[in-house]
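Let me begin by presenting the structure, written as structure tokens, before commenting on it.
Any read-out appearing in this document is the output of simple, stated calculations on the displayed coordinates, not a laboratory observation. Computed from a prediction, not measured in an experiment: that's the story for all the values here. We place every Cβ from the backbone using ideal geometry, glycine too, and count neighbours over all the protein chains shown.
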Amino acid sequence: MPDTMKAIRLTGPVTPDGLIVTEVPPPPVSAGQVRIRVRAFSVNESEVTSRRGESGPDFTFPRILGIEAVGTVDAVGEGVDLPLGQKVATMMGGLGRTTDGSYAEYTVVDASNTIPFTTELDWAVVGALPEMLQTAHGALMTGLRLQPNQSVLIHGGTSTVGLTAIAIAHLLGAHVIATTRNEDRTELLLRIGADHVLLDDETFTDKVGALAPDGLDGVLEFISAARLPDMLTLVKHGGTVCFVGALSDTWTIPEFSPFTIPNGTNLTSYGGEAADLPAAALNTYLQAIANGTLTVVIANIYQGLDHVADAHRAFDSSRTPGKHVVTLLAESVR
């Protein structure tokens, strides 16, 4: 290893202009760990929050941001059985929050937090996947236990995880209803797999009732915890509402009583880790993307750490649906 590597290491809150590439020591590898030669990563909401200095107490400066990455195994610690050069994905597990993350040429993670995969897809495509794919897969499979031919509502369909959940549910063979607050996004949602797209307005629940008069099998809620009582009225007996996120930043329901949950319906939540996306599932999705049966929405691709600031600016503007992906060219990674 060289004495230094390129990384974006923050010592305190900054604007996107403060995402400056510097030289730092490369991370050492301890027992049970894997060092990854980073090839690509995406910008996530939690990283933007951390950059602004608005994260919870588990996050501390100084820190290299980045809660996910894809790349190749560069080195392994004692007890790790992964070949050098193996393609792997990683996400969460404290990455970029309690330990230095992926805005760097190399990052170190616990071996249990790596998912090996095989694909010839471009790094930019694979780099869009780890966090949003893990969340969408886990919410559908663990949260809803969705089955083929069941009906599901994706409330917040144009979020990155919502887009992915639509595509996965369609791949599974479910009947998918998706919502958007921007009518111009309708064509996109239909293209990736929604059977019906509804404008999220005051008549929204009535429209869902007309499409599914016997009730839905499941709902994924991405907008607001305050919308959960409404969502619970849309599912059938035995159906499930899964709270995944709050794009509105409303994470709790004031004075909520469990007795407002309709009899026979289920309310749950999902917030998973890398272990919730098994290697077999990841490789199945990668093959589906390669075959054209699963659509990944990418807003833009940025080449090199020098353009992370551009990715953050674009993320803040939120004008284009999909992931903002940063790639590190092979020849630039030493």
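A few comments on the model shown:
- Nearest-20 debye value, the chain charge dipole, Cβ charges on Lys, Arg, Asp, Glu: 300
- Helical content of the chain, expressed as a calculated mean residue ellipticity at 222 nm, amounts to -6500 deg cm²/dmol (DSSP H runs of 4 or more residues, -39,500 (n - 2.57) each, divided by residue number, nearest 500).
- Loop GluC sites (Glu not before Pro), the stretch 72-178 (other Cβ atoms within 10 Å of the site Cβ: 15 or fewer; DSSP): GLU78, GLU120
- Local electrostatic count, ALA174, Cβ distance below 12 Å [Lys/Arg +1, Asp/Glu -1]: -1
- One Cα centroid belongs to the stretch 1-31, the other to the stretch 217-232; the line between them spans 39 Å.
- Alpha carbon convex hull of the stretch 144-298, volume per residue in cubic angstrom: 120
- Antiparallel DSSP beta bridges within the stretch 145-300, percent to nearest 5: 0
- Interatomic Cα distance distribution for the stretch 83-231, bins of 5 angstrom, percent: 2, 8, 17, 18, 17, 12, 10, 8, 5, 2, 0, 0
- With the charge dipole of the stretch 70-227 set up from +1 on Lys and Arg Cβ and -1 on Asp and Glu Cβ about the Cα centre, the Cα lying farthest toward the positive end among the listed residues GLY162, GLY209, LEU129 is that of GLY209.
- Top positive-direction residue, dipole computed over the chain with Cβ charges, set THR284, ASN266, ASN44: THR284
- Acute angle (nearest 10 degrees) that the helix 308-317 long axis makes with the longest principal axis of the chain, alpha-carbon atoms: 20
- Share, in percent, of DSSP beta bridges within the chain that are antiparallel, nearest 5: 50
- Cα gyration tensor category, rounded, prolate or oblate, for the stretch 1-87 with a/c compared to 1.5: prolate
- Cβ crowding within 10 Å averaged over residues, with 57-69, 38-50 ranked highest first: 38-50, 57-69
- In degrees, nearest ten, helix 160-172 long axis to first principal axis of the chain (Cα): 70
- Mean shadow area of the chain, taken as a quarter of the surface of its Cα convex hull (nm²): 16.9
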